[in-house]
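Report on the structure given below.
What follows is calculated from the coordinates using simple rules that are stated; it is not laboratory data. Keep in mind the model is a prediction, meaning the values are calculated, not measured. Please note: Cβ atoms are built from the backbone with ideal geometry, for glycine as well, and neighbour counts cover all protein chains shown.
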Amino acid sequence: MLARWGRTASQLAAVALPRGAGAPRNAFLLDRSYSKVAAAAAAATVAVPTSTPASSPSKCPSNKPEVKLNAMFWSKPCSLALPPNSPLRIEEPHFEGFKRIMLKLLLFYSKQSKSIRGANVVYRRIISQVDKPAIYDVFHLEKTFKTTFSLLVLHMWLFLRRSKTEGKEGVEFGQYLYEIYNHDMELRVSKAGVNLLLTKWMKELEKIFYGNIVAYDAAMAPEPKRDLAKVIWKNIYAEDGSEMPKDADATACVQAMARYIRRESTCLSMTDNEAIFAGNFIFTSLETKS
């Protein structure tokens with residue numbers, strides 16, 4: 001899979017994901033199935049291979065602000081829900097009179113419409129976390145198409161892992177989010193200059209997406225089948241499948257991200273359903289005080 005990722009990234013790495021891109025309202029019209037493709041990917045064991053052609057390992061760059069990684073992400077997990085008075089909250093619009101009647105007739109207040117609006121908010125929360133410079137500074141990552149895409153997939157997986165615990169409602173909500181993500185990725189890849197073979201590259205990125213989440217699921221299972229640190233290295237840091245080096249800097253980066261992932265996963269599990277489905281939560285801030 002990483003050989004495939006290497007070929008794909010070589011076409012796109014020169015262009016970072018555009019910042020601030022919002023998910024379109026009609027993204028739910030796409031015909032892709034998160035649950036079906038995920039099951040197929042798991043059955044086919046689409047995962048990061050343990051060995052691929054050798055290449056120079058990706059090391060933590062030294063030109064980032066100094067961050068004490070070994071001291072981060074040890075705090076007690078807590079709910080990520082936004083407080084009621086937070087200016088970051090997104091509330092459902094309330095209309096009265098004739099406008100409300102018309103909107104009801106247009107199914108604006110239907111369960112599906114509310115879920116789609118909520119999924120758009122969730123996707124913006126994910127994009128916000130991935131687009132902030134702090135996540136690259138803290139984890140010593142250079143902002144390239146590969147790293148941004150890999151972090152986007154990671155945070156998509158974190159949320160989808162939480163939403164599917166809510167049964168059918170969570171799976172359906174995850175489907176809307178997945179389709180919004182797909183549509184946004186098409187726009188981003190197209191803006192990166194890949195138009196002629198857009199369908200081909202989208203299929204490649206889709207395979208990488210499911211390979212990554214299958215690997216994360218295996219590493220976070222009650223009885224893990226994969227080592228989370230190794231999965232993080234191969235999915236985010238490595239180039240063309242290089243093995244994780246044993247130097248202290250690389251180990252500190254990967255171990256810190258492993259703690260971040262475990263903590264965010266626990267925090268999401270502690271976040272109430274209303275906040276989850278409305279998108280009224282925010283990932284842990286990675287801004288460091290100077």
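Per-residue Cβ neighbour counts within 10 Å put Cys253, Cys78, Cys267 in the sequence Cys78, Cys267, Cys253, beginning with the fewest.
From least to most packed, judged by other beta carbons within 10 angstrom and beginning with the fewest, Asp217, Asp249 follow the order Asp249, Asp217. With R₀ fixed at 30 Å, the C-beta to C-beta distance from Thr266 to Glu92 puts the FRET efficiency at about 0.60. One chain, two ends: Lys76 and Glu287. Fully extended at 0.36 nm per residue, the span grows by 74.2 nm beyond their Cα-Cα distance.
Modelled label positions at Lys114 and Met102, each set 7 Å beyond Cα in the direction of Cβ, lie 2.3 nm from each other. Counting 0.36 nm for each residue step from Ala248 to Glu223 and taking away their Cα separation leaves a gain of 6.3 nm. Legend: ranking of residues Ile126, Ile116 from fewest to most surrounding C-beta atoms inside 10 Å; resulting order Ile116, Ile126. For the listed residue pairs Lys203/Lys230; Lys146/Lys207; Lys143/Lys246; Lys200/Lys234; Lys111/Lys164, the alpha carbons are over 19 angstrom apart in Lys203/Lys230; Lys143/Lys246; Lys200/Lys234. Taking every C-alpha pair closer than 8 Å and separated by at least 6 residues, the mean separation divided by the residue count of region 193-256 gives a relative contact order of 18 percent. The peptide list 158-164, 89-95, put in order of mean Cβ contacts within 10 Å with the highest first, becomes 158-164, 89-95. Return the tail of the calculated pair distribution for region 137-243, meaning the percent of Cα-Cα pairs more than 23 Å apart. So the portion of pairs separated by more than 23 Å is 33 percent.
Mind checking which aspartates and glutamates have their C-alpha under 19 Å from Lys132, skipping anything on the same chain fewer than 8 residues away? Once the sequence-local aspartates and glutamates are set aside, what remains near Lys132 is Glu66, Glu142, Asp184, Glu264, Glu287.
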